[in-house]
Amino acid sequence: MNTITQLSLQERDKAVNWHPYTQMKTAADAIPIIKGEGVYLYDHEGKKYLDVVSSWWVTLHGHSHPYIAQRVFEQLNTLEQVIFAGFTHEPAVQLSENLLNILPHNQNKVFYSDNGSTAVEVALKMCIQYAHNQGKEKTKIFAFKNAYHGDTFGAMAVSGKSFWTKPFESRLFEVVFIDTPTAENLEDLKIQIGQLADEVACFIFEPLVQGAAGMLMYSAENLDELMQYCRTQEILMIQDEVFTGFGRTGKLFATYYLTEKPDIMCFSKGLTGGTMPMGITTCTHEIYNAFLSDDRHKTLFHGHSFTANPLACAAALASMELLLKEETQMNIKRITQQHSEFIKMISLHPQVENARQIGTILAFDFKTGNGTSYFNEIGKKLYNEFLQRGMIMRPLGNVIYLVPPYCITYEELDFVYQNIIEVLDQFKD
Ligand SMILES: *Cc1c(COP(=O)(O)O)cnc(C)c1O
């Protein structure tokens with residue numbers, strides 16, 4: 001036992017842990033983080049890193065936020081967990097009330113789970129069983145090419161196909177992938193959708209930004225028109241706001257860029273301010289009502305051990321309170337403004353293509369002029385370069401993006417911009 005304590009944390013980690021999205025053979029040792037505060041994470045040697053990616057897009061108000069910590073601690077001392085079948089508790093009721101208050105009015109019921117992928121699984125099940133409960137079997141689902149909805153099987157099935165999903169492809173259910181709407185292809189898309197409308201259980205999409213695909217952005221106007229068409233065809237719509245929710249796009253939810261509203265919405269990531277894992281699927285009365293019956297077979301048979309965990313609910317309540325504060329809303333506006341100034345400048349850089357922004361999300365392509373393998377190589381190089389400069393950035397291929405916590409100051413964000421410019425200059429051909 002003694003020898004074990006003498007190993008470094010990195011060595012002990014390597015001996016026992018398998019990291020996500022990581023080729024363990026070639027990966028560098030994981031960096032031990034011992035403390036988080038505001039936008040910074042601190043490693044075991046006292047080096048600090050500015051968390052430009054909000055720790056995989058989850059952190060809203062900074063790390064170890066004292067108010068969220070206090071609320072979770074109070075909850076921990078009162079009720080840490082209770083079975084959510086047959087029982088309920090104040091934090092879950094309050095959170096559902098507060099969330100529905102800030103969602104479009106057609107969202108009426110809240111179903112809890114553990115993460116973004118499970119929020120999507122629940123949404124898909126709701127749509128498929130919605131039809132089933134009415135004696136219909138709808139076999140097809142629409143999704144966008146390049147979509148990302150999570151890593152569980154249902155979520156993988158509705159995600160764009162890549163080498164991530166390759167080993168499982170033969171086991172994924174049938175999904176019809178369509179292009180994201182543009183002014184040019186909109187009419188074609190409608191025809192494509194119209195032809196299959198009767199067989200379609202639902203249409204699932206990431207509104208306005210396809211995050212994991214590389215922060216690909218598309219117009220609200222065109223999406224709105226596509227959604228309106230789906231409405232006329234009575235196709236259920238699932239809006240996956242797992243990433244875009246809670247202020248990322250500059251509005252509370254991406255849905256507020258759209259006039260047509262979805263039937264179902266999915267949330268996670270920023271839901272608890274990035275403190276605790278939690279997923280939520282909300283739906284309309286119409287969907288909910290299709291499961292009400294004296295026939296037990298019409299029940300939604302889905303649940304997780306930690307459904308509506310009180311600690312996660314407490315974190316979400318505290319985070320949403322912080323989010324709605326004037327100060328936070330001003331920060332979101334300021335980041336949005338600051339990004340738009342930076343975009344103007346960075347667009348002129350010879351290494352930069354397709355600079356784009358929506359709210360607090362900023363992205364651009366690093367011009368490589370070369371094939372795909374080089375993309376991955378450059379991503380890794382950039383990652384390491386930023387890391388050395390004390391910034392956590394994780395380029396998606398050759399896409400460099402910023403998704404900062406809202407507490408980032410003017411100076412801190414400027415520090416990030418300056419470093420990006422220096423790194424780009426350094427990589428000039
Ligand atoms: C991250 C993400 C998911 C999956 O969430 P997990 O909590 O990682 O399972 C689903 N949809 C979108 C749009 C996401 O960005």
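None of the figures in this text is laboratory data; all of them are computed from the coordinates on show. Values in this document were obtained by computation on a predicted structure and should not be read as measured data. Here Cβ is always computed from backbone atoms with ideal geometry, including for glycine, and neighbour counts include all displayed protein chains.
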Next item on the list: Just add up the charged neighbours of THR328: K/R +1, D/E -1, any other residue whose Cβ is under 11 Å from the Cβ of THR328.
Entry: 0
Item checked: Cβ-defined net charge surrounding THR59, 11 Å radius [Lys, Arg +1; Asp, Glu -1] -> 0
Item checked: Low-density loop cleavage sites - trypsin sites (Lys or Arg not before Pro) in the stretch 303-341, where at most 16 other Cβ are within 10 Å (DSSP) -> LYS325
Notebook entry, point to check: Of PRO207, PRO262, PRO66, which is the most mobile in a GNM of the chain whose springs link Cα atoms less than 10 angstrom apart?
Noted result: PRO66
Note to self: I want to check the label-to-label distance for SER162 and GLN426. Put each point 7 Å from Cα in the C-beta direction and report it in nm to one decimal.
What the structure shows: 2.5
Check: Counting only pairs 8 or more places apart or on different chains, how many lysine pairs in the stretch 63-152 have C-alpha atoms closer than 22 Å?
Finding: 5
Checklist line | Computed over the stretch 32-116: relative contact order in percent, which uses C-alpha pairs under 8 Å that are six or more apart | finding: 16
Note to self: I need the shape label for the stretch 240-313. Rule: rounded when a/c is under 1.5, else prolate if a/b > b/c, else oblate, with a, b, c from the alpha carbon gyration tensor.
What the structure shows: oblate
Check: Counting each DSSP H run of 4 or more residues in the chain as -39500 (n - 2.57), what helix-only mean residue ellipticity at 222 nm follows after dividing by all residues, to the nearest 500 deg cm²/dmol?
Finding: -11500 deg cm²/dmol
Checklist line | Rounded, prolate or oblate (a/c below 1.5 giving rounded, otherwise prolate when a/b exceeds b/c) for the stretch 7-162 by Cα gyration tensor | finding: oblate
Margin query: Just want the ordering: LEU387, LEU41, from fewest to most Cβ atoms lying within 10 Å of their own Cβ.
Written below: LEU387, LEU41
Notebook entry, point to check: Where does the charge balance sit around THR118 when Lys and Arg score +1, Asp and Glu -1, over other residues with C-beta under 13 Å from its C-beta?
Noted result: -2
Notebook entry, point to check: Taking the Cα centre of the chain as the origin, how large is its charge dipole in debye, to the nearest 20, when only Lys and Arg (+1) and Asp and Glu (-1) carry charge on their Cβ atoms?
Noted result: 580
Note to self: What whole-number distance in Å separates the alpha-carbon centres of the stretch 58-118 and the stretch 26-42?
What the structure shows: 27
Check: Taking the chain as a Gaussian network, Cα atoms linked when under 10 Å apart, which of ILE238, ILE33, ILE68 shows the biggest mean-square fluctuation?
Finding: ILE33
Margin query: Show me the helices of the chain, taken as full DSSP H stretches, that run 20 Å or more along their long axis by Cα and average -0.5 or above in Kyte-Doolittle hydropathy.
Written below: 116-132, 310-324, 410-426
Item checked: Cα-only radius of gyration and Dmax that characterise the stretch 113-191, units Å -> 13.9, 39
Check: Hey, which lysines would be in cross-link range of LYS381, C-alpha to C-alpha under 22 Å, not counting anything within fewer than 8 residues on its own chain?
Finding: LYS25, LYS47, LYS48, LYS367, LYS428
Margin query: What lysines does LYS325 reach when the alpha-carbon gap must be under 21 Å and sequence neighbours fewer than 8 apart in one chain are set aside?
Written below: LYS251, LYS269, LYS333
Check: Taking the chain as a Gaussian network, Cα atoms linked when under 10 Å apart, which of ARG248, ARG296, ARG394 shows the biggest mean-square fluctuation?
Finding: ARG296
Notebook entry, point to check: Which percent of Cα pairs goes in each bin when the distances of the chain are cut into 20 angstrom slices starting at zero?
Noted result: 24, 57, 18, 0
Check: Measuring from centroid to centroid over Cα atoms, what is the spacing of the stretch 402-429 and the stretch 177-246 in Å?
Finding: 33
